[in-house]
Structures are given as C-alpha cells and as structure tokens.
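The values are calculated or read from the model by the stated rules, or taken from the named source; none is laboratory data. No experiment lies behind these values; they were computed from the predicted model shown. Because the Cβ atoms are built from the backbone with ideal geometry, glycine has one as well, and the counts that use them run over all protein chains shown.
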Amino acid sequence: MDYSIKLAQEFTIKPEHALNIINLIEEGNTIPFIARYRKEMTGSCDDQVLRSINDRLNYLKNLDKRKGEIADSITAQGKMTDEIALSLAKAETLTEVEDIYRPYKQKRKTRASMAAEKGLTPLAELILLQDSATDLNSEAQKYINEEKGVENIEQALAGASDIIAERVSDDAELRKVLRKKIFDTGEITCKLLENENAKTYDNYADYSEKINKMPSHRILAVNRGEKEECLKVAVSVDTEAFIDAIKSVYVKGTGDCAKIVASACADAYQRLIFPSVEREVRNELTDKANEQAIKIFETNLRPLLLQPPLKGKTILGLDPGFRTGCKLAVITPEGNVVGTGVAYITPPHSAEKIAQSKAGLLKIIEKCNVQVISIGNGTASKESEIFVADLIKESGRPISYAIVNEAGASVYSASKLAAEEFPQYDVTIRGAISIARRLLDPLAELIKIDVKAIGVGQYQHDMPEARLEEVLGGVVEDCVNSVGVDLNTASQSLLSYVAGLNSGIAKNILEYRKEKPFTSREELLKVKKLGEKAFMQCAGFLRITGGNVLDNTAVHPENYPAVKLLLEKTGYTLSDVEKGQITDIKERIERLGYSTVAKDCGIGEPTLRDIVSELLKPGRDIRDSLPKPVLRSDIMDLNDLKEGMELIGTVRNIIDFGAFVDIGVHQDGLVHISQISSNYIKHPSDVLKVGDTVKVKVLGVDLVKQKISLTLKTTELPNGIAVGNQRTDRERKEGRIRAEKSREQKTLSKEDLLKELYKKFGR
C-alpha cells in the first residue's frame, strides 16, 4: 500500500506533505517538533492532525502486516487463489481481513469439523449443487459408517448440513453485507435485571434505540450497566428478513437438497453468524464510543492545562475538611512554600475554635501578604467558601478567592513525586500546596497528576488504559511544548514532557543546573545522555532568560543564522529585539516581500512568520491572552438562585450531552446541548471549551436533587457567536416530530437487504 497516497486522500493534504510526514515520523522526530519546526514539509499541519495521521499510519501498517501473515498462512495450506489474493488486497479493515481468513483459520473442534472427520464433506458438496434429480436418501446411505459414528441417514444429512452451515457462516462477503445491515437497521435493547445497584439504570429499564443513532455516552452507560450485571443488553434485528436474504444467495430451487440448504442457512445465521456478528457490532460500537469519550477528554484537557497562570500573586491554598480541619499552605509568586497550618473553620468544631482559627488566618494573611485564596472544591468546600467570604470582609484587605478543581490532589499528595518534592510535609499539607499551585500555574502542577484523575471527561475509568494514556500523554506533551519551559526553573516532571526528553534526561538536567544555571541552549549538549538528536528535538521548546534574547523565544537554534540575516535585511539588531524596538518589522518585510525575504534567509515563509512573531514578543506566554480565572470576594447560595437570573460562570466540564458550569454556588449547573445554541451544533465542544467564562441564565433549580439547569440562549458565547432564541418551542417540537417520523420510516426492508446482497453476489 502507498501510505502517502492513502493518507493524502483521507486527510485532504498533498501527497508530498503526507510522504514528508511519514518520513519525519519514521526518522524519530517528535510530533511537537514536526508541527512547530517543519511546517514547510507538512503544509503547516498542527499537532492534533499529525497525531491523527500517525494513528492512521500505524493502523494501515498493522493492516498490511496482518494481510501478509494471513496470505502466508493460506499459501502454506496450499489454498491461495487469485480471488483470495485480490480480496485481501481490497480489504480496508482488520475485520474484513479476518472474515477472509475465517474459512482457513485453525478452529477449535466444531460440529462441521467433526462431520468432516466422518467423511461427510462430499455429501455436503453434493447437496450444495441442489440437483433436483438427486436421490438424497440413496446418496446419504453411502456415508453410513458406525465406526465413524454415522449410524443412519439422518445423522449423515445432519452432519452434511453442519458443514454447509459453517461454509455459509465463513462467507466473507455475506458477513460484510449482514454486518452493515445490522449497523444500519438493528437496535440495542436493554432489560433491567434484579440487582441492588439496578436503580441507577432505571432509564434503561425497558429501552431500545437504533444502533446507528445511539450516542457514545449511552453506549458506554449501557456497557457499564451490563458489566455491573444490572442490565441485559442485546442487538435486535428482523431475523426472518436476514435469514431470507441469506437463502436468496444460497438456495436454488425447491427440491430436497434445496430444503436442506435452506435449513442450513437458517442454522448458520442463528447459531454461527448472528452471535459472532453481534459481538463484532457491540465491540465496534464500544471502540467508537471509547474513541469519542477519549476525544472529549482530550478536548477538555487541552484548555484546562492551558489555563492562564495567576502571575505575581501570593496565594493561600486551602484544602477543605470537616473533622480534621482545613489544611493551609501559603506560596510565593515563585511557588515556594512560606507557611503551612491547619484551620478549624467548619462544624463540628466549636464557635470558640472557629473564632481562634479566624484570628490565626488573619495573622497569616497579613504576615505573608496573601492576595488570593485558592479553595479546593471537595468535601466542606461550600462551608469553607462561606467562611472565606466573611473573612475577606472582616480583613479589610484587597483579597479575592477562587474555587479550584482539586480532582487528583490526593493522588498527587500521596505519590512518590510529592514525597520527593516536599519530604518535610505530610500528605495533607502537600494537597493544600497543590491546590495553591494549581492557581499559580495550572500546567506545571496538573502534569504531575495521573491525567485520568483530573476529572474532565466521561467514563474515563472504563476506557482502554493504554489508548487513554497514549492520547492524553500526547495532549500534555503538546501543551507543555506550545507554552515552552524555563530551563533553569522547571521541575523534572515538566521537563520530561519536553519533546526529545524523558524522565532520565530531565533528572540529568536538574543535576547539571545544581552546579550553575544554564546561560545558553548550547550548554544542553553538555548534559549527560543529551545528544545531538535530542538537542534538535528539545532546544526550541526550552527557554533561558538573561542571556541571548533568542534563547528566550520559540526560535530554534538551527534558525539563528536566518534571524541574523533577517535583522540585517530589515535594519535591526538583537539589541533592538531585546529592547522591543522592532515594532514595524512586519511592514519592512512586506515592502521587501515575504517570499523574497524567506528565500534570502534560507527558510520557508511559514517559518519566517513564526520567527517574526517571536521576535516581536520575546519571552511571551501564549496563555496570557486567554481569559483569566474568575476571582470572587463574595458568595451565593443555591437557595439564592431564581429562575431567569443571569450569572457569570466558568465551564468546568464538557460531555456529549452538555456542559457543566461553575456559577459560584458549589454545585455546578448543567447546560444541556439543546440550551447551548438555537443554531444546530453537533457537539457542545463545537462552541465551548473547559475554562471558558460564560454568561448563563438559570432555567430551574431542584433543591432536593441539588440540580441546576442553565441556558446560554439569548447570551453571547466566548467566540462571539450569537445564540439568541431564533426558533419557537412549537417549531422545535414540530422538528422533533418530523425527525422521529423519519427515523420510523428507516426500518429494515427485506427488499433492500436482498438488493444489497444481489449487488454483492450478482444474482
């Protein structure tokens, strides 16, 4: 297979770019490096597209490898034909390839194999000819052999029928057509089982839905219910139509032989084809649902990691708790811990103890000049928030607070990494430090935590672990490299995600800088086990302040000579770059022509534009342009919410059916997908992302269930898309009725299935 042509077609890119991407990946270049520094070779594909191409390339390679293994196996059996070779060459999925291999695969003992051992294959082949002149009883009589276990005509015919049924089941083209029709017309059905946890799945008590309409979150919910033995799940189809369709391919005439073939077709479908195809369909549904869930996690994780840091602030981290108190940690703008403690500010502690804690906290705030309080959103968060809001009023100081998602903080605080970072503090205090640092620099802190524990996604604990880690690891790597890392201050965890580095080399970098700080990127080559190849991959993503100004940009050292030529052509110097005195460099380049300047500098135009962008803002942090975290100084309660109230909130999580928004009342509100926009959107992530600040309106509050319903309609989305209510309720209802009628009309037609089979089999 020519992978470059295939990938070019699937991803709508030029074949030469596809070929370059393949070569760059196979040469061992990292995705962040290719995306950033090889744009001319890739057509400026971004990191997400490159990862998708890499995934697809691996699939195609595995497909070809499996085709080769199967071809070798069939050839070794002496059964390879031109037709089989052509079918293998045309197969586009592993499932199709396995279908072709099915008749030649070494099987465990089956009814058909046992019948073949009894010598009944010739009888089966005779019956398949379906000659009406065949005297079936007379022919079957010839195969009676008590030694082989064929004692009468009935046993001979039954064995021959088993052989025919297996041949029908092994028909690759037939299975392909039936599988597609099951996807197109079948339904998933659920029945509630008697189980103490079954109430959780009441919505699926007597449930059915078209397979091709079932969204991934419902597939995963049904799978979990089945795994917990709360649901009985099955695939439902029009069995009679499918059997008749198979008969239309294999049955010729109405004689005795044809009747046996017809019976074997029904047996093949019910006993062999449907159970295995049902498993394949369920597995494919699960695989697609898993990929969708992982995609949602990926989509949510990226903006979460790229939340703007709260620079230049002294932060008090507060890890809420009831009985054991709230753990405290004060960190400086550099992230250093300057104070820790415990405050007993919530019940069941006495009023006297709470008052003492308040006095102690006010002293800490004044002594450390605390500017922001970061409160974890776990147990006792609401009570702690009420206390902090009152404390701020009493302090008379310009203090604000933020509620921080503490998911994974306990995982980190008990980890080996946390023990190495803060051996002098116990597990509880480490949690408070993490909560403070999540506000100070979310990316630097969150990368220390197992991404599955961060809690932005759906059903992440049901996902294939290896695939989840692969995808999410890629997201973390892309985020770290897009921001850049300070070589002299970054932790080992952060450095290990830089392109070309690993944990071992990151540790060596820390050892090297203990002696003296890095003053240039070239010094990296002196680090143990960091060679030329690793340097090429990592250098552009590492920043050094106080030295060569280019070392504090994303300009790669390989392009320093090009920068020198560029500055000479435009009349500037590196000193001008450092002083920020090149504000009209774009205009000067435009006068000369971008393509001309790029050619004269020996680089491509995309690289030239990237270099100019970096020279204009050395040391910039791409996160600075994003909305800052919402800081509060007062509090609302769930009881304060009224229908129609408009509030500012932060998107905390996005799932298939909506988005959860923090509006400052401890309980996140749900904006259902139908309430995100009056315009059609396929998924909430089309217009929202985690971390967005949005204006919402309260639709309803359920105080008993502690549920809040919100809407974004009649408001403005973060990207400026108006979402005013453009359709009336009546119009939406009529639209739903039309859609339902359309779905009802798309039921299985026996004639449609027969037409599909006729197209495949030519009759």
Legend entry - strands (runs of 3 or more DSSP E) fully within region 639-693 counting 3 or more residues that are in contact with a helix residue (DSSP H, G or I) (Cβ under 9 Å, 6 or more places away or on another chain): 646-655
Legend entry - Considering residues of region 496-515 that are assigned to a helix (DSSP H, G or I) and in contact (Cβ under 8 Å) with a residue 24 or more places away in the chain only, the residue farthest from residue 536 (Cα to Cα): 513
Inset, instruction - Filter region 304-319 for residues that are closer than 14 Å to residue 689 by Cβ and either of a type in the set (A, V, I, L, M, F, W, C) or crowded, with 20+ Cβ neighbours inside 10 Å (or both) and give the result. - result: 304, 305, 306, 307
Inset, instruction - Give me the pairs, please: first residue somewhere in region 221-242 and more than 15 Å from residue 191 (Cβ to Cβ) and assigned by TED's automatic domain parsing to the domain that holds residue 271, second residue anywhere and of a type outside the set (A, V, I, L, M, F, W, C) and part of a strand (DSSP E or B), beta-carbon distance under 9 Å, and either six or more positions apart or on two chains. - result: 237/187
Legend entry - So residue 486, is it of a type in the set (Asp, Glu), touching a residue at least 24 places away in the same chain (Cβ under 8 Å) and surrounded by fewer than 22 Cβ atoms within 10 Å (Cβ to Cβ): yes
Inset, instruction - Test residue 59 against the criterion of being within 27 Å of the chain's Cα centre (by Cα) and not polar (S, T, N, Q), and give yes or no. - result: yes
Inset, instruction - Just give me the residues in region 583-625 being buried (at least 16 other Cβ atoms within 10 Å of the Cβ) and of a type in the set (S, T, N, Q), in sequence order. - result: 607
Inset, instruction - Among the candidates 18, 8, 76, single out the residue that is over 21 Å from residue 611 (Cβ atoms), free of Cβ contacts under 8 Å to residues at least 24 places away in the same chain, surrounded by 14 or more Cβ atoms within 10 Å (Cβ to Cβ) and aliphatic (A, V, I, L, M). - result: 8
Legend entry - Identity of the residue in region 196-223, touching a Gly at 6+ places or on another chain (Cβ under 8 Å) and not aliphatic (A, V, I, L, M), that ends up farthest from residue 279 (Cα to Cα): 200
Inset, instruction - Of all residues in region 405-443, count the ones that are of a type outside the set (D, E, K, R), in contact (Cβ under 8 Å) with a residue 60 or more places away in the chain and closer than 26 Å to residue 668 by Cβ. - result: 13
Inset, instruction - Kindly indicate whether residue 99 is without any contact (Cβ under 8 Å) to a residue 12 or more places away in the chain and part of a helix (DSSP H, G or I). - result: no
Inset, instruction - Mind telling me which of the residues 222, 168, 233 ends up being surrounded by 15 or more Cβ atoms within 10 Å (Cβ to Cβ), hydrophobic (A, V, I, L, M, F, W, C) and over 25 Å from residue 268 (Cβ atoms)? - result: 222
Inset, instruction - Please name all residue pairs, on different chains or six or more residues apart, with Cβ atoms under 7 Å, provided the first residue is in region 614-627 and is among the β-branched types (Val, Ile, Thr) and the second residue is modelled with pLDDT of 90 or more. - result: 622/482; 622/483
Inset, instruction - For residues that are of a type in the set (A, V, I, L, M) and not in a strand (DSSP E or B), scanning just region 326-351, find the one that is farthest from residue 444 (Cα to Cα). - result: 351
Inset, instruction - With respect to residue 353, determine if the residue is crowded, with 16+ Cβ neighbours inside 10 Å, modelled with pLDDT of 90 or more, more than 34 Å from the chain's Cα centre (by Cα) and among the charged types (D, E, K, R). - result: no
Inset, instruction - Go through the residues of region 433-451 one by one and say whether even a single one is assigned to a helix (DSSP H, G or I) and closer than 16 Å to residue 296 by Cα. - result: yes
Legend entry - From 116, 160, residue being crowded, with 20+ Cβ neighbours inside 10 Å, assigned to a helix (DSSP H, G or I) and small (Gly, Ala, Ser): 160
Inset, instruction - Given the conditions (1) buried (at least 17 other Cβ atoms within 10 Å of the Cβ); (2) outside the structural domain of residue 255 (by TED's automatic domain parsing), report the number of the one that residue 143 does not fulfil. - result: (2)
Legend entry - Criterion: small (Gly, Ala, Ser) and under 20 Å from residue 79 (Cβ atoms) - qualifying residue of 140, 133, 115: 115
Inset, instruction - Would you please name the residue that is surrounded by the most Cβ atoms within 10 Å (Cβ to Cβ), looking only at residues in region 366-390 that are assigned to a helix (DSSP H, G or I) and touching a Leu at 6+ places or on another chain (Cβ under 8 Å)? - result: 384
Legend entry - All positions within region 520-533 that are in a helix (DSSP H, G or I) and surrounded by 20 or more Cβ atoms within 10 Å (Cβ to Cβ): 521, 524
Legend entry - Residue selected from region 96-113 under the condition surrounded by fewer than 16 Cβ atoms within 10 Å (Cβ to Cβ) and not charged (D, E, K, R), by the criterion nearest to residue 145 (Cα to Cα): 113
Inset, instruction - For region 580-592, state whether one or more residues are more than 30 Å from residue 485 (Cα to Cα), among the β-branched types (Val, Ile, Thr) and modelled with pLDDT of 95 or more. - result: no
Legend entry - Positions within region 102-113 being in a helix (DSSP H, G or I) and of a type in the set (Lys, Arg), in sequence order: 102, 111
Inset, instruction - Give the residues of region 59-96 that are of a type in the set (A, V, I, L, M, F, W, C) and assigned to a helix (DSSP H, G or I), sorted by residue number. - result: 60, 63, 70, 71, 74, 76, 84, 85, 86, 88, 89, 94
Inset, instruction - State which residue is farthest from residue 483 (Cα to Cα) when the search covers only region 255-297 and only residues that are surrounded by fewer than 20 Cβ atoms within 10 Å (Cβ to Cβ) and among the acidic types (Asp, Glu). - result: 256
Inset, instruction - Check residue 538 against each of (1) closer than 21 Å to residue 605 by Cα; (2) in a helix (DSSP H, G or I); (3) out of contact with any Pro (no Cβ under 8 Å at 6 or more places or on another chain) and name the one condition it does not meet. - result: (1)
Inset, instruction - Can you work out which of the residues in region 394-432 that are in a loop (DSSP other than H, G, I, E, B) and charged (D, E, K, R) is surrounded by the most Cβ atoms within 10 Å (Cβ to Cβ)? - result: 406
